[in-house]
Amino acid sequence: ADFQNYLFQMIVSYFSPNYVQNYKYSVYFCIKLESKMQKDVTIRLKEHPLSITIVCLIIILSLMKVPEIEMAEDVPLADKWAHMVMYGTLSITVWAEHVRHHRNRASHTFLLVWSLIVPILIGGAMELAQAYLTTVRSGDWIDFLANSIGAGIAYLLGAVLLKTAFRK
């Protein structure tokens, strides 16, 4: 409420001729906003350590040279399965960590954004990074599709599990 009051005062002050007042509210608003954002980031880091670790692993694995594995040649589309599993694991981990910390008040909007949209965006960014930032990897839109399918399946699985687990 205090934050909203200062936001309102700052907006109203822009229409007044007192520029010192405008500056004062602008600075205060920015400080309050930065403080709130730092607090939110700290909370998210504490609530989602495994998800953040998986994102870091995906980035590392996406940009490093992958050794040839003979066994993988026997499995059709082994590379695509690996992509689906990586991004599905990320998505379901976001679900699990969020539900663990917010049992009866799990936010479907948060879960839609952070367990479906963000993994898809990360997958796209990694494919673009492979295409344009590395010499040992190449970006592939089919890999991006596999990333998206993995995240999508995990998102749907998480939604079904959440609905059945808290139906009681």
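Just so it is clear, none of the values below were taken in a lab; they were calculated from the coordinates. These numbers were taken from a predicted model, which means no experiment stands behind them.
Quick one: compute the contact order of region 61-168, relative version, from alpha carbon pairs under 8 angstrom and 6+ residues apart, as a percent.
On the way: 109 pairs, mean separation 43.0, N = 108.
Normalised by residue count, the contact order of region 61-168 is 40 percent.
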Length gained, residue 135-residue 77, 0.36 nm per residue minus C-alpha separation, equals 18.6 nm
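So how much slack lies between residue 65 and residue 160, counting 0.36 nm per residue of separation and subtracting their Cα-Cα distance, in nm?
Gain on stretching residue 65 to residue 160: 30.5 nm.
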Compute log10 of I(q)/I(0) for region 74-140 with the Debye formula, placing one identical point scatterer on every Cα and leaving out solvent, at q = 0.15, 0.21, 0.23, 0.29 Å⁻¹, to two decimals. -0.60, -0.89, -0.97, -1.18
